[in-house]
Amino acid sequence: MAKKALTQPMYYILLSLKEARHGYEIMQYIDWLTDGRVVVGPGTLYSLLSSFEEDGWIELISRKDNKKTYTITDKGNKNLEDEISRLEEMLEDAKKVEGGNEDEFQNRG
Amino acid sequence: MPRKLKEAMKMNFKIEANYINITNYPSIEEHFQEMAKEGWMIKRIIMGSLFIYEKIEPSDLEFSITPYEVETAFTRKSKEELEEFQTVSKSVGWDYVLKTFNLHIYCKEADQPAIDLQTDEEEKFKTLEFIGKKQLKSLYILTPIFLFFSWSILGGLFGGTGLLKRGSVQIISPVIPFGIILSIKNIFHMRKFLKENRENIKLGRDIEFSSSKFRLEKVTLSLFLFLLIPLALHYLYNIFVLRNKIMVIIAIPIIIGAIGGLLYRRFVKPSNKSLGYKKFGFVLMLASVSIVSLLVSQFSGLDVTKTARVYLEADKEDLRILSFNDFHSDEEFGDLIKEASPLVPKAYTYISHGSGKERIETEYSKGINISIAERLVKKHKREGRENVLPSYHQELEYSFEKDEYVSQLELIGLSKEEFIELKDKPDGEEKVEELVKNKAVFKADEELWNSDEAYFLNYRETKIVIRQGEEVFYLKGKDFSDPEIVEITKTILEL
């Protein structure tokens with residue numbers, strides 16, 4: 001069975017946690033990475049951080065000045081890499097379509 | 001009227017019956033905005049339905065309510081975690097106002113820019129679904145329990161007589177019918193909300209929230225909160241004025257349980273320990289609270305009995321009670337319990353202890369009207385009929401099994417001749433039981449007792465119930481067919 005796709009905020013939060021970051025820094029990083037295209041609000045962010053931590057996809061590495069700093073775990077990395085592979089496959093499919101493969105489809109076996 | 005006095009008399013707060021939950025909070029955001037324009041800022045929400053506002057300058061504010069799970073059965077966000085969330089929300093333009101259950105309320109000036117607190121519809125629905133499913137689980141468990149207790153309570157209040165003296169039940173009873181309907185309605189409402197929006201999210205649509213006015217919820221919760229005041233007063237009156245030790249003993253485990261729960265919620269739930277540790281902590285807390293409650297209740301049960309005697313002499317003066325001292329005997333000590341309820345505003349039970357295990361019991365009740373007093377008499381009569389068989393169950397069973405009459409059965413009015421006549425009949429056992437019950441409760445001489453109703457409640461005539469108008473006396477422990485006992489009793493009880 002195909003794994004469930006990550007939503008956009010899930011994807012970008014995991015991506016940002018390849019380096020240790022706290023909540024506000026995650027939001028700022030995503031905004032910078034995507035040139036403001038993707039915005040993650042605090043409500044969305046902290047709900048996802050809670051569920052990631054519960055599922056073992058991220059881990060808390062420090063707690064200082066009311067800021068919790070997280071980083072991605074091996075399990076989280078695996079899920080992220082699976083998602084990246086999935087997106088790459090989707091991109092390949094898009095390229096095939098743009099390259100014009102209708103004839104190939106019609107003449108298949 | 002002087003201006004300063006006028007200003008002092010202006011209310012700086014406003015209370016409103018409303019309702020907020022995860023299915024309708026966007027409409028509450030709009031409502032807060034309207035209220036802010038009129039000069040009222042939400043300050044506190046009690047049980048999701050009592051909204052308390054404070055006076056402010058009329059302001060053009062925007063509100064944002066976001067679901068953010070704070071507490072589950074075993075975990076709770078720490079103060080630091082909540083503060084971090086608030087700090088980050090502030091950095092994107094939102095000021096924290098308050099939270100109610102799992103909904104956090106923020107506001108900002110309408111013309112100030114800010115990033116939305118929730119920026120992804122699918123993630124927002126996941127959080128709402130998680131919270132909604134938790135609420136449904138609670139409803140699935142609590143609703144049948146609530147239905148069962150409601151049926152017992154309402155049946156006891158209207159059909160039976162067991163709850164006539166239970167003030168707490170009588171005070172809460174008006175909310176019961178609403179509560180039953182509300183519990184069932186909430187289950188269907190939440191299921192529909194989650195199902196429809198699961199479909200919406202799948203199809204890439206926005207979440208649809210409820211536009212219901214939630215009138216039933218507003219009425220029920222407001223009524224419940226309002227009734228908590230007379231309920232608290234009832235307990236305080238019974239404990240401190242009537243010095244009802246039973247109420248104290250009942251209150252002890254409740255208070256200990258509440259303290260245990262608060263400590264668990266404050267220290268264990270938000271801690272960094274594992275979920276397994278927290279579950280173990282919960283079990284440990286439950287066990288500790290149960291043991292401590294039992295021990296304290298046991299100790300208090302003895303101690304309160306002894307200290308209550310200090311008040312007895314002063315309390316006894318205006319009470320119509322029987323004691324061994326009235327019957328040319330010596331009373332060792334007495335136990336007095338006073339109680340009050342809306343239907344029976346004055347009631348007390350006095351047990352006079354003689355030598356050995358002898359006791360004389362006086363139970364006095366004054367109903368708010370004759371109908372209540374009549375129901376109390378019926379209660380005693382019913383108990384008289386029901387209690388006779390269990391007390392002599394072994395003797396009856398032995399008699400039928402061995403086909404041999406046991407002489408103790410004379411005490412409940414079953415003679416040897418009657419036993420022999422009935423024992424071999426097809427439904428002999430049932431006939432004997434019916435005979436014994438009928439002999440247990442029978443009319444006493446109402447004229448002799450100067451009463452509207454009088455019934456002996458056992459064959460030996462050592463239990464009697466007497467009604468004079470709204471007053472009911474239940475007496476136990478002397479031979480109330482003895483003319484001398486009758487006269488003394490009538491004099492003492494002013495019958």
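Here, each number is a calculation from the coordinates, and none is a lab measurement. Since the model is a prediction, treat every value here as computed from it, not as a measurement. Note that each Cβ is placed from the backbone with ideal geometry, even for glycine, and that neighbours are counted across all protein chains shown.
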Residue farthest toward the positive end of the dipole of chain B, with Cβ of Lys/Arg at +1 and Asp/Glu at -1: which of B:66, B:354, B:136? B:66
So which aspartates and glutamates pass the test for residue B:431, namely a Cα distance under 20 Å, with those fewer than 8 places away in the same chain ruled out? B:383, B:386, B:395, B:397, B:401, B:403, B:404, B:410, B:417, B:418, B:421
Low-density loop positions, GluC sites (Glu not before Pro), the stretch B:37-115 - DSSP coil, at most 14 other Cβ in 10 Å: B:38
With +1 assigned to the C-beta of every Lys and Arg and -1 to the C-beta of every Asp and Glu, and no other charges, what is the dipole magnitude of the protein assembly as shown about the Cα centre in debye, to the nearest 20? 1300
About its Cα centre, how strong a charge dipole does chain B have in debye, to the nearest 20, once Lys and Arg get +1 and Asp and Glu get -1 at the Cβ? 2060
Charges on Cβ only, +1 for Lys and Arg, -1 for Asp and Glu, centred on the Cα centroid of chain B; of B:23, B:177, B:340, which one is farthest towards the dipole's positive end? B:23
Exercise: per-residue mean of other protein chain Cβ atoms within 10 Å, A:47-56: 3
Students often get this wrong, so check it: of A:75/B:273; B:416/B:490; B:77/B:134, which have C-alpha atoms separated by over 24 Å? B:416/B:490
Which of the trypsin sites (Lys or Arg not before Pro) found in the stretch A:1-79 are loop residues per DSSP with 15 or fewer other Cβ atoms within 10 Å of their Cβ? A:3, A:4, A:18, A:37
Averaged across B:112-124, how many Cβ atoms of other chains sit within 10 Å of each residue's Cβ atom? 6
Helix-only mean residue ellipticity at 222 nm, chain B, DSSP H runs n ≥ 4 weighted -39,500 (n - 2.57), per residue, nearest 500. What is it? -17000 deg cm²/dmol
Any lysines whose Cα falls less than 16 Å from that of residue A:78, other than same-chain ones fewer than 8 residues away, would be A:3, A:4, A:18
What list do you get for B:486, B:88 if you sort them by fewest beta carbons within 10 Å? B:486, B:88
Evaluate the charge dipole of the stretch B:377-495 about its Cα centre and quote only its size in Debye, nearest 20, assuming +1 on the Cβ of each Lys and Arg and -1 on the Cβ of each Asp and Glu. 340
So which helices of chain B fit the span-like rule, where a helix is a whole DSSP H run, its Cα atoms reach 20 Å or more along the axis, and its mean Kyte-Doolittle is at least 1.6? B:245-263
With a Cα-only, solvent-free Debye model of the protein assembly as shown, what are the log10 I(q)/I(0) values at q = 0.06, 0.08, 0.11 Å⁻¹? -0.56, -0.82, -1.15
Radius ratio Rg over Rh of chain B, counting only Cα atoms, Kirkwood formula for Rh: 1.10
Listed residue (B:50, B:35, A:105) projecting farthest to the positive dipole end of the protein assembly as shown, Cβ model: B:35
With 20 Å as the limit, write out which pairs from B:357/B:476; A:64/B:124; B:402/B:425; B:133/B:185; B:79/B:133 have Cα-Cα distances beyond it, or answer none. A:64/B:124; B:79/B:133
Counting other Cβ atoms within 10 Å, keep those with at most 16, restrict to DSSP loop, and tell me which trypsin sites (Lys or Arg not before Pro) in the stretch B:449-483 are left. B:460
